[in-house]
Amino acid sequence: MHAGADHRDLVGLVCPPAESDPVAVESWHVLSKLLGTVGVLLLLTGLFLATRPLHVDGVSCGSVYAPDKGITPMQCDAELDGRMTLVGGLAGGGVVIAIAGFGMAAVRERRTRVGS
């Protein structure tokens, strides 16, 4: 730094102000909304399938949350296990995707608030 130089000039050269690209900001906004929407839809689909009753060969097996009381036929066990795996995958994936979308929105909001 030479004599008479202003420190603000030096900082301006080293760290230029970050200018955000409006197209990139808009694409992040759309992506976060899309991820949040898809995540919520997957979660709701999983919950819907968990509460929907299952029937095998005319026998009511109940649902994943409330299997029928009494002796469950062997066909019901396999079907309920398969439905439980599907529900767990849909609901778990939906939660992860929704958290990612909402997290992206929060980070974007934080960056715009800090940048202002």
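In this structure, the amide hydrogen of Gly62, modeled 1.01 Å from its nitrogen in the peptide plane, lies closer than 5 angstrom to those of Leu54, Asp68, counting only residues at least 5 positions away or on a different chain.
Site pair Arg52 and Val95 shows an inter-label distance of 2.2 nm when each label is modelled 7 Å from Cα along Cα→Cβ.
Every number in this text was worked out from the coordinates using simple rules, so none of it is lab data. Just so we're clear, the structure is a prediction, and the values are computed from it rather than from any experiment. Heads up, the Cβs are rebuilt from the backbone with ideal geometry, glycines too, and the neighbour counts pull from every protein chain shown.
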